[in-house]
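Just so it is clear, none of the values below were taken in a lab; they were calculated from the coordinates. Just so it is clear, the structure is predicted and the values come from calculations on it, not from any experiment. Neighbour counts run over all protein chains shown; Cβ positions are idealised from the backbone, glycine included.
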Amino acid sequence: MVRFKNGEVEAFEELFKRHFGKVVNFAYQFTGSQPRAQEIAQEVFMQVVKAAPRYKPQAKFTTWLYRIATNACLNELRRPEHRTSRRGLERESAEEGEEVGETDLEDHGTHQPDDRLAGRELADKIREELSRLPGNQRAALLLSRVEGMSYEEVAGTLGVSEGAVKSLVFRATARLRRELAEFVGDERD
Amino acid sequence: MSETRGSAKAALPFRCRAIQRELVAYLDGELSRRKARRVARHLDSCTGCLAERDALDRVRGMVGELAGPSLEESAERLALARVRQAIGEGSSRGALSAWRLPALAASLGAAMIVIWQIQTRVAPKPVEVASERSSSEGVVAQTAVGGGKAEGGTGRGLEPEKGRSKRAMGVKIAKRGRSDSTLSSPPGPLYENPELFLDLPLVLDLEKLEEFEAVMQALPGSGRGPKARGTDERG
């Protein structure tokens, strides 16, 4: 990033190739829509270009990048059309058996078709529950679980304390655990 | 369901509730050693919390294993091309904006200079006025002390000089009179030369009179020359 800031355009292409896929993935898990996720990732990298002169290499580049990405995703959630259109379209395409360019849960090639169907159902359920989480809880959980960030890095990305991240991740996980009780088993019921 | 959950939670001992709040951070390896040991010790002896830990761990695993979209290379290339285009536009815009601030500062400075120059031309120059005053006062003093003859020989020869000094003094008095409306006593020169009082109405409108005179001179066949003016002034 420092090289790009100093005028090396090739350095930006390196950054783009290294991080674009990850940002798309993050935005996809956040919004549940692949086309929108690609648009968001593109917007994120445009913002990176615009903000490059102001970039200060105090924190990790990924922290800065995911801060921009998280803000873009949170802005996306505020769009009114997002809530109504996204789920319906994705469901329809899945039901029609279209190629949506994804597998649901990681398929390592050992599962039977029934298992895959169950996996898809479970993945749909997880995404549905993820989409119901408040934005900050969702961001904290995805940054921690999907992007593999430490709480400290998540805190830096979201601009909150580590204690707040701990609380956000716990609340998000506990809520998913309640809503997905039929899949994970509930010893207490 | 929520009632069941609520009652199940309420039924949990306080210690278990406190431990379960730490379980996600424990699984994420984000607890301090001391806290992690405490949680581990509790899990060794509490089957309920152990089951909860396993359930939370499964949820963590499910979220972590959610597959991402399979991104086509063409989509990535297209996105990169768009961003590259934005970089190009951004750099040209950046170059413009880099010039914008100095240009603005320069134009502002030029405007300030122009305004200052206009003001200095329009406003009366205090130095010149002071010199005019001092010269006129000097002439008045000379005429007062020398009585005219010592200066210029004949009285006639002194007339224009005297007239000029009177005129200058008159202008000075007129200016003072106009600027200081609360004049309680006559100014010093007027006090010394009270005969100037006679000419005061004349010198107050001296500029108008001079203008009138110039117009009259410009008229064809008026027959009013400098000599005639001198006569008028004397008369």
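Rounded if a/c is under 1.5, else prolate if a/b beats b/c, else oblate: with a ≥ b ≥ c from the C-alpha gyration tensor eigenvalues square-rooted, which is the range B:24-63?
On the way: a/c = 4.16, a/b = 1.22, b/c = 3.41.
Note, shape of the range B:24-63 comes out oblate.
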With labels modelled as points extended 7 Å from the Cα through the Cβ direction, what inter-label distance (nm, one decimal) is found for B:LYS35 paired with A:ARG78?
-> 3.2
Computed FRET value (nearest 0.05) for B:ARG77 with A:ALA11, which takes r as the C-beta separation and R₀ as 22 Å = 0.75
State, to one decimal in nm, how far the label point of B:THR47 lies from the label point of B:THR120, with both points 7 Å from Cα in the Cβ direction.
-> 9.9
So for the pair A:LYS125, A:ALA51, with labels modelled 7 Å out along Cα→Cβ, what separation do we get in nm?
-> 3.7
Residue order, fewest to most beta carbons within 10 Å, for B:THR47, A:THR62 = B:THR47, A:THR62
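To make sure I understand, if each residue's beta carbon is the centre and we count other beta carbons within 10 Å, what order do B:ARG37, B:ARG84, A:ARG36 fall in, fewest to most?
Numbers: B:ARG37 11, B:ARG84 15, A:ARG36 19.
The order, fewest Cβ neighbours first, is B:ARG37, B:ARG84, A:ARG36.
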Of the listed pairs A:LYS22/A:LYS60; A:LYS60/B:LYS35; A:LYS50/A:LYS166; A:LYS17/A:LYS125; A:LYS22/A:LYS50; A:LYS17/A:LYS50, those with alpha carbons more than 26 Å apart are A:LYS60/B:LYS35; A:LYS50/A:LYS166; A:LYS17/A:LYS125
Fully extended contour minus Cα-Cα distance, from B:ALA218 to B:LEU204, at 0.36 nm per residue = 2.7 nm
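Considering only the other residues whose Cβ falls under 12 Å of the Cβ of A:LYS17, what net charge follows from Lys and Arg at +1 and Asp and Glu at -1? Provide the component values of the computation, followed by the final result.
On the way: positive: A:ARG18, A:LYS22, B:ARG77; negative: A:GLU10, A:GLU13, A:GLU14, B:GLU73, B:GLU76.
Taking every other residue near A:LYS17 into account, the sum is -2.
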For the residues A:GLU121, A:GLU129, what sequence is obtained by ranking on other C-beta atoms within 10 Å, fewest first?
-> A:GLU121, A:GLU129
